[in-house]
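Okay, structure first, notes after.
The values are calculated or read from the model by the stated rules, or taken from the named source; none is laboratory data. These numbers come from a predicted model, not from an experiment. With ideal geometry, Cβ positions are generated from the backbone for all residues, glycine too; neighbour counts draw on all protein chains shown. Surface areas here come from the heavy atoms of the whole protein model, side chains and all, with no ligands, DNA or RNA. Shrake-Rupley method; radii C 1.70, N 1.55, O 1.52, S 1.80 Å.
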Amino acid sequence: MNTLKIICNFRPNYHIYSSEGLIMKKFFLFTLPLVYILSACGYKDGGDSYWQADSAWYKSSAVPDSNFIDVFYIASTEVVKSTDKEGNEDYRANLTPDEKALITRELEFVNAKIYPDSINLFSPYTHQYTLNAVMLPKERFDSVTEQVATEVCEAFDYYMEHFNGGRRFIIAGFSQGGQMTLALLKHITDEQYSRMVAAYMLGYGVSANDLKCSHVKPAQCATDKGVTISFNSVSDLSNMWNFVMNDAAVCINPVNWTTTSEPADFSYHGQNLTAVVDTVNNVLIVNGFKEDPMPIAVPWPEGNLHHYDLMFYTSMIKENTLKRSR
């Protein structure tokens, strides 16, 4: 295995996660892993790969079904602040039982609500960097971010070598997971890409520069293969969040799976909403939504619907995953 090369720049992001109307609002940050000692063959601990331990993975089944496709899902960030053994602040999560439990709750939701029994779900427990890491000087933050993307790629390489078994697969992630999905698209081999059903970059944009990568091919409809699904939801153009927009050059509507300005109606918790692609700004405008007040301060403009980019379209993504994988 060659030394990993990361060709993207990343920034953190965070969101509120609300599950199926339960009064359960969880704080998901967005960005990942730890400071690993890198080698040509990935992270080593006493000569063993970190990823060979069952505890490093969330899997929907202990024994993958060879008749199903795989989903490699990258979880959102959960940790606001973490400390090392000496009590000093650590800008990466240490995957304590509490931290890991938060990540697991997201993965259980995704497994239950989006990826059905006919899919093998794999998700690595990567070491997230914290919300407080956002305040680091740029040079240090960029260094941590590169390590984050490297760990995600190392996890994917281990999955490919030990778990995938030559099956077709989907890469998916929401918000920061969408960022890391983009990193993987620039990391995977051509042979791996030939087996990729689609990549779901939920709540993160694909820039014109990203499109120069031959593995980043924007989706045009509900059934095209080897494509990248990308969109960001707002209630108005005035509340676009540049961080997740990432100078978006494309956008698809996950309600009607078109890239045109044709409106599409859907409902969310009893509210009748309409989603339409703004083809100039490549953003998804959602009309009619009355959101609950945020229980915490968030970095995006008021009216930006970033934290709903997974919740609004759960059933649509589930249906589309099955359709594309046929």
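When segment 76-100 is examined, which residues are found to be open to solvent by 30 Å² or more (accessible area, probe 1.4 Å), in contact with a helix residue (DSSP H, G or I) (Cβ under 8 Å, 6 or more places away or on another chain) and hydroxyl-bearing (Ser, Thr, Tyr)?
Passing the criteria: only TYR91.
Residues being open to solvent by 10 Å² or more (accessible area, probe 1.4 Å), of a type outside the set (Lys, Arg) and either on the phi < 0 side of the Ramachandran plot or within 15 Å of the chain's Cα centre (by Cα) (or both): count how many of those fall in segment 155-177.
The total comes to 6.
Just for segment 290-303: of the residues that are more than 24 Å from ASN246 (Cα to Cα) and modelled with pLDDT of 80 or more, which one is most open to solvent (accessible area, probe 1.4 Å)?
Taking the candidates together, the pick is LYS290.
Restricting to segment 205-239, name every residue that is under 30 Å from LYS290 (Cα atoms) and open to solvent by 70 Å² or more (accessible area, probe 1.4 Å).
GLN220, ASP236, SER238
Among ALA208, ALA172, which is the only one that is closer than 27 Å to GLU262 by Cα, in contact with a helix residue (DSSP H, G or I) (Cβ under 7 Å, 6 or more places away or on another chain) and modelled with pLDDT of 95 or more?
Going through ALA208, ALA172 in turn, just one is closer than 27 Å to GLU262 by Cα, in contact with a helix residue (DSSP H, G or I) (Cβ under 7 Å, 6 or more places away or on another chain) and modelled with pLDDT of 95 or more: ALA172.
Could you list all residues from segment 272-289 that are surrounded by 13 or more Cβ atoms within 10 Å (Cβ to Cβ) and assigned to a strand (DSSP E or B)?
Result: LEU273, THR274, ALA275, VAL276, VAL277, ASP278, VAL283, LEU284, ILE285, VAL286, ASN287.
In the list ILE103, ILE114, ILE119, which residue meets the criterion of being within 23 Å of THR314 (Cα to Cα), at pLDDT below 90 and open to solvent by less than 50 Å² (accessible area, probe 1.4 Å)?
Result of the check over ILE103, ILE114, ILE119: ILE103.
Return the total of residues in segment 88-115 being part of a helix (DSSP H, G or I) and touching a Leu at 6+ places or on another chain (Cβ under 7 Å).
Residues meeting the conditions: 1.
Limited to segment 228-270, what total is found for residues that are within 18 Å of GLY205 (Cβ to Cβ) and not in a loop (DSSP other than H, G, I, E, B)?
Final tally of qualifying residues: 14.
Sort through ILE171, ILE188 and tell me the only one that's of a type outside the set (S, T, N, Q) and in contact (Cβ under 8 Å) with a residue 60 or more places away in the chain.
Criteria check complete, one pass: ILE171.
Exactly one condition in (1) open to solvent by less than 20 Å² (accessible area, probe 1.4 Å); (2) over 18 Å from CYS221 (Cα atoms); (3) not charged (D, E, K, R) is not met by SER267; state its number.
All conditions pass for SER267, except number (1).
Given the options THR104, THR77, name the one that is in contact (Cβ under 8 Å) with a residue 24 or more places away in the chain, of a type in the set (Val, Ile, Thr) and under 17 Å from MET180 (Cα atoms).
THR77
Starting from segment 229-252, take each residue that is farther than 13 Å from ASP210 by Cα and list its partners that are part of a loop (DSSP other than H, G, I, E, B) and among the acidic types (Asp, Glu), counting only C-beta distances under 8 angstrom and pairs at least six apart or across chains.
If the second residue must be part of a loop (DSSP other than H, G, I, E, B) and among the acidic types (Asp, Glu), the pairs left are PHE231/ASP309; ASN232/ASP309; SER233/ASP309; ASN239/GLU302.
Out of the residues in segment 32-78 that are at pLDDT 65 or above, touching a strand residue (DSSP E or B) at 6+ places or on another chain (Cβ under 7 Å) and part of a loop (DSSP other than H, G, I, E, B), state the one that is nearest to LEU322 (Cα to Cα).
Out of the qualifying residues, it is PHE68.
List the helices (runs of 4 or more DSSP H) that sit entirely inside segment 116-225 and contain at least 3 residues that are within 27 Å of ARG105 (Cβ to Cβ) and not hydroxyl-bearing (Ser, Thr, Tyr).
It comes to 138-159, 176-185.
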